[in-house]
Amino acid sequence: AIECEDGQIGEIQLRGASVMVGYLGGTSPIHDGWLRTGDLGFCWQGEIYVTGRIKDVIKKGGKNIFATDVESFCIKPGVVRQAAAFEFHVESSPKLGLVLEMSFSPTDNCAQAIRDIRQGIGSTLEVSVDSVWVVPHPSIPKTTSGKLQRALTAEMALSGVWGPPFAIAPKTGEA
């Protein structure tokens, strides 16, 4: 394991007498004596801060983006109730997918809301949103503790459970 500088994000790894040695009958998450937690975080002034899970990082356009950062742009009271962002690949090219639980059925207002979300994510995070699925509330799967199940959401969207991605016709004057 390599130690990060204060404020630098890295994978949280543990070692010590109280750390497990592996899973019963399964593969071990222990590598070179360190337990790989799958969590990302950083140290600051002797304290550890957890920032997210490695599996929820979206790699696109040479950037590593937290799914929660993308999702925070999507939630709009009265418009979008819940959002789930995920990475998927088309011909080995990374793509950004979004599933949005809208507060109303797909209409022109829905199309404008999706345009606004795409523009906000593009200008702030400097990545494009490739596909958007609009679903009724409550459709995005969650754990019993209320956490988003992004991998299952991606699987459902990409397998066609919610149909094809939402198509937005360009506004007049757009290419």
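Would you mind stating whether Ile117 is among the aliphatic types (A, V, I, L, M), surrounded by fewer than 17 Cβ atoms within 10 Å (Cβ to Cβ) and either modelled with pLDDT under 95 or in a strand (DSSP E or B) (or both)? Taking the combined requirement at face value, the residue does not satisfy it. A count restricted to region 139-165 and to residues that are in contact (Cβ under 8 Å) with a residue 40 or more places away in the chain, assigned to a loop (DSSP other than H, G, I, E, B) and either open to solvent by 80 Å² or more (accessible area, probe 1.4 Å) or among the hydrophobic types (A, V, I, L, M, F, W, C) (or both) stands at 2. Only one of the numbered conditions (1) under 17 Å from Gly10 (Cα atoms); (2) open to solvent by less than 20 Å² (accessible area, probe 1.4 Å) is not met by Leu100, and that is (1). Determine whether region 64-86 contains at least one residue that is touching a residue at least 60 places away in the same chain (Cβ under 8 Å), touching a Gly at 6+ places or on another chain (Cβ under 7 Å) and open to solvent by 70 Å² or more (accessible area, probe 1.4 Å). No, region 64-86 has no match at all. Of the residues making up region 1-25, those that are polar (S, T, N, Q) and closer than 13 Å to Phe42 by Cα are Gln8, Gln13. Please enumerate the residues belonging to region 64-86 that are out of contact with any Cys (no Cβ under 6 Å at 6 or more places or on another chain), in a strand (DSSP E or B) and either farther than 14 Å from Ile9 by Cβ or not hydrophobic (A, V, I, L, M, F, W, C) (or both). If the condition is that a residue be out of contact with any Cys (no Cβ under 6 Å at 6 or more places or on another chain), in a strand (DSSP E or B) and either farther than 14 Å from Ile9 by Cβ or not hydrophobic (A, V, I, L, M, F, W, C) (or both), then Asn64, Lys76, Arg81, Gln82, Ala84, Ala85, Phe86 are the ones that fit.
Residues in region 116-148 that are touching a strand residue (DSSP E or B) at 6+ places or on another chain (Cβ under 9 Å) and farther than 21 Å from Asn64 by Cβ: Asp116, Val132, Trp133, Val134, Val135, Pro136, His137, Pro138, Ser139, Ile140, Pro141, Lys142. If you filter region 78-137 down to residues that are β-branched (Val, Ile, Thr) and in contact with a Lys or Arg (Cβ under 6 Å, 6 or more places away or on another chain), you find that the one that is nearest to Gly61 (Cα to Cα) is Val127.
Of the residues making up region 36-63, those that are open to solvent by less than 80 Å² (accessible area, probe 1.4 Å) and part of a helix (DSSP H, G or I) are Ile54, Asp56.
What's the number of the condition Ser28 fails, among (1) small (Gly, Ala, Ser); (2) within 16 Å of the chain's Cα centre (by Cα); (3) outside any strand (DSSP E or B)? (2) is the only condition that Ser28 fails.
The values are calculated or read from the model by the stated rules, or taken from the named source; none is laboratory data. Since the structure is predicted, the reported quantities are computational estimates derived from the model, not experimental observations. Glycine also receives a Cβ, built like all others from the backbone with ideal geometry; neighbour counts cover every protein chain displayed. These accessible areas exclude ligands, DNA and RNA; they are computed on the full protein's heavy atoms, side chains included. Shrake-Rupley method; radii C 1.70, N 1.55, O 1.52, S 1.80 Å.
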